[in-house]
Amino acid sequence: MKMPTDALHANVLAYWRARTPRERLIVVVAGALLTIGLCLWLAQSVERSRTVLRTAVPALRAQAELLEQRAAEYQRLRSAPRATASQGDMRSLVQAQTAAAGLTRALTGIEAAEAGRVKIGFGAVLFADWLDMVAALDAQRIYVEACRVEALATPGLVNVTATLVRPNSQ
C-alpha cells in the first residue's frame, strides 16, 4: 500500500535531482545558514529569559517567605482565644470608640439602655465611617444587635440608630 508521503518524497527527490550541483550547493548552504541563524536566535532568547528569571527569583522567594510568615501569624492568631472585652462602662467604651473614629460631631445621642446595651444615634455620617466603627467595636466584642440606616440626599451620608450589645456583660 502506497502512502501519500511516498508521492511527496518522490516529487522532492525528482526536484532535487533536476538541480545542478551548483544549485544544490546553494540550497544546502542556505539551509545550513538558516539553521544556524535560528539556533543563535533561540539561544539568545533563552539567555534573555534566564537573565529576567534570575532577577525575579529572589523577589519571588522573599514574597513566598513573607506569605509563609503571614500564614503562620494568621494561624497563631486564629488559634489564640479572642481578647476579652474590657470590663469598663460600656457607654464609655462606645463613646471613646466614637471619638477615636472621629464621629463625635455626627453623634446625636448615646444612652445606656440596660446592662450590656447602649443605644446610639448618628446624623449625617459617612456610611464607610460607620462600618469602620462597627468593625472596631467588633474587635472589642461589642456587637450591633439592631440597626436602622437611612440614606440621605448626599451620596454616602446616612443617619444611623443602633443598639449595641456586649454578651456576658452582667
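The values are calculated or read from the model by the stated rules, or taken from the named source; none is laboratory data. As the structure is a prediction and not an experimental result, all values here were calculated from the model. Methodologically, a virtual Cβ is constructed for each residue, glycine included, from the backbone with ideal geometry; neighbour enumeration extends over all protein chains shown. Heads up: the accessible areas ignore ligands, DNA and RNA and are worked out on the full protein's heavy atoms, side chains in. Shrake-Rupley method; radii C 1.70, N 1.55, O 1.52, S 1.80 Å.
The numbered conditions (1) loosely packed, with under 13 Cβ neighbours inside 10 Å; (2) over 13 Å from Arg166 (Cα atoms) are all true for Asp129 except (1).
Scan segment 140-153 for residues that are surrounded by 11 or more Cβ atoms within 10 Å (Cβ to Cβ) and under 17 Å from Ile120 (Cβ atoms) and jot them down. Those that are surrounded by 11 or more Cβ atoms within 10 Å (Cβ to Cβ) and under 17 Å from Ile120 (Cβ atoms): Gln140, Arg141, Ile142, Tyr143, Val144, Glu145, Ala146, Cys147, Arg148, Val149. Residues in segment 22-44: is at least one surrounded by 10 or more Cβ atoms within 10 Å (Cβ to Cβ) and under 28 Å from the mean Cα position of the chain (by Cα)? No, every residue in segment 22-44 fails to be surrounded by 10 or more Cβ atoms within 10 Å (Cβ to Cβ) and under 28 Å from the mean Cα position of the chain (by Cα).
Select from segment 154-163 the residues that are open to solvent by less than 60 Å² (accessible area, probe 1.4 Å) and over 21 Å from Ser92 (Cβ atoms) and write down the one among them that is nearest to the chain's Cα centre (by Cα). Don't jump to the end; show me each part of the working.
Initially, segment 154-163 is screened for residues open to solvent by less than 60 Å² (accessible area, probe 1.4 Å), giving 156-160, 162-163.
Next, from what is left, pick out any that are over 21 Å from Ser92 (Cβ atoms): 156-159.
Details: Gly156: 25, Leu157: 28, Val158: 29, Asn159: 32 Å.
Checked segment 154-163; the qualifying residue nearest to the chain's Cα centre (by Cα) is Gly156.
Which residue is farthest from Leu93 (Cα to Cα), if the candidates are limited to segment 103-153 and must be in contact (Cβ under 8 Å) with a residue 12 or more places away in the chain and among the polar types (S, T, N, Q)? Out of the qualifying residues, it is Thr108.
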